[in-house]
Amino acid sequence: MKNKIISIGHKNPDTDSALSAILVSKFSKKIFGFETQGVVAGNINNETKYILQMLKMEKPKILKKIKNENVVLVDTTEPKQIIEGLTEDNLLAIIDHHNLGGLKSSKPIFTRIEAVGCTGSIIYKILKEKRIKIDKPSAILMITCIISDTLNFNSPTTTVDDKIIFKELNKIAKLDIKKFVNELFSAKSSLEGISVNDIISKDYKQFDMGKYKVGIGVWETTIVESINIQSDKIIKALAKKKSYEKMDYMFFAVVDIIKNNSYLYIIGKEEEELAKNVFGIAKNNILFSKGIVSRKKQLVPPLMNELSNGLRK
């Protein structure tokens, strides 16, 4: 195994993706028997920056393309969301909590995919099974993954396992959870240094749905008005992104992490017709969706079902 080994998540890394890559790097020698460098496939968000600054940890290196590196992949198996250059030959392991995205490997590899709220929860399970001691900073990183990805246990992706793991981790971290969540979500909502293009792209993923290419961006915030007040600029930016990336459909959801609702942006007639069939009727290019907060469980599956069954066009 001569090539450098990295642990890395999906493009446009969210907090779970970035921190999981860092965690795997920290424990990879004990888990796999080899060392990895934790890197990211894009700029980290303000929430991730906050927790790394809190723990006085360096930001991970950004890697846009794989050259000779071998890879431990975290938080995705979706080809469209994976760094350029990943092949069947250089994939060494997968740790993920999403649906299988069609990746292949040329040899048997370590694979751990579970239906839990975040990749950080799976990493905790692996460490516990291997009886690897978890230090306080690592416990805080895993707690952050859980809180961020489950929206403090309000997302339908939350499982009983996540809640149990969270309690076990806080025995080590000893955090004032209410204070910590408020600070974390304040960082998540921060628009410091954030442009309109950042808003629509920071947590953006592409999906193949039947014969259609669909882009879905999400912005999670405690201050919905700070985003919706920019709706005209956001819709123009989404239309431009749709054209540039040659997507058939482009959606963007502003998720209210306090009230557990979302505002789905509708940028054109194609999106309007599709959204009407799946979610309801939009008003002034925005569709209010009560109780919808999860792209993975509440946005992607019904859209996938509608488009994959050939009901469009």
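Results, tabulated for the structure shown:
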read-out	value
Segment 199-208 - residue that is surrounded by fewer than 21 Cβ atoms within 10 Å (Cβ to Cβ) and farther than 19 Å from Ile257 by Cα and, of those, nearest to the chain's Cα centre (by Cα)	Gln206
Some residue of segment 161-177 being in the same structural domain as Leu23 (by TED's automatic domain parsing), among the polar types (S, T, N, Q) and touching a helix residue (DSSP H, G or I) at 6+ places or on another chain (Cβ under 6 Å)	no
Cβ-Cβ under 6 Å pairs, at least 6 apart or on other chains, segment 269-284 side outside the structural domain of Phe251 (by TED's automatic domain parsing) and more than 19 Å from Ser231 (Cβ to Cβ), far side surrounded by 14 or more Cβ atoms within 10 Å (Cβ to Cβ) and among the hydroxyl-bearing types (Ser, Thr, Tyr)	none
All positions within segment 9-38 that are assigned to a helix (DSSP H, G or I), within 20 Å of the chain's Cα centre (by Cα) and in contact (Cβ under 8 Å) with a residue 24 or more places away in the chain	Thr15, Asp16, Ser17, Ala18, Leu19, Ser20, Ala21, Ile22, Leu23, Val24
Residues being within 15 Å of the chain's Cα centre (by Cα) and either surrounded by fewer than 20 Cβ atoms within 10 Å (Cβ to Cβ) or without any contact (Cβ under 8 Å) to a residue 60 or more places away in the chain (or both) - total across segment 209-220	3
Out of Lys56, Lys49, Lys65, sole residue that is basic (Lys, Arg) and touching a strand residue (DSSP E or B) at 6+ places or on another chain (Cβ under 7 Å)	Lys65
Tally, over segment 78-89, of residues that are in contact with a strand residue (DSSP E or B) (Cβ under 7 Å, 6 or more places away or on another chain) and either surrounded by fewer than 19 Cβ atoms within 10 Å (Cβ to Cβ) or free of Cβ contacts under 8 Å to residues at least 24 places away in the same chain (or both)	4
Residue in segment 198-214 that is assigned to a loop (DSSP other than H, G, I, E, B) and among the hydrophobic types (A, V, I, L, M, F, W, C) present	no
Hey, Tyr244 farther than 30 Å from Ile140 by Cα, buried (at least 19 other Cβ atoms within 10 Å of the Cβ) and more than 15 Å from the chain's Cα centre (by Cα) or not	no
Residue list for segment 39-77, restricted to those being within 18 Å of the chain's Cα centre (by Cα), over 20 Å from Ser195 (Cβ atoms) and among the acidic types (Asp, Glu)	Asp75
Criterion (of a type outside the set (A, V, I, L, M, F, W, C), in a helix (DSSP H, G or I) and farther than 24 Å from Tyr204 by Cα) met by exactly one of Lys56, Lys80, Lys125, Lys107	Lys125
Residue in segment 146-158 that is charged (D, E, K, R), part of a helix (DSSP H, G or I) and surrounded by 15 or more Cβ atoms within 10 Å (Cβ to Cβ) present	yes
Scan of segment 159-176 for residues that are among the β-branched types (Val, Ile, Thr), more than 25 Å from Val300 (Cβ to Cβ) and surrounded by fewer than 16 Cβ atoms within 10 Å (Cβ to Cβ), ordered by number	Ile164
Residues that are over 11 Å from Asn46 (Cα atoms) and part of a helix (DSSP H, G or I), drawn from segment 188-197	Val196, Asn197
Tally of residues being of a type outside the set (Phe, Trp, Tyr) and in contact with a Phe, Trp or Tyr (Cβ under 7 Å, 6 or more places away or on another chain) across segment 266-298	7
Restricting segment 59-77 to residues that are assigned to a loop (DSSP other than H, G, I, E, B) and among the polar types (S, T, N, Q), the residue that is surrounded by the most Cβ atoms within 10 Å (Cβ to Cβ)	Thr76
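The values are calculated or read from the model by the stated rules, or taken from the named source; none is laboratory data. What you see is a predicted model; the values in this text were computed from it and never measured. Neighbour counts run over all protein chains shown; Cβ positions are idealised from the backbone, glycine included.
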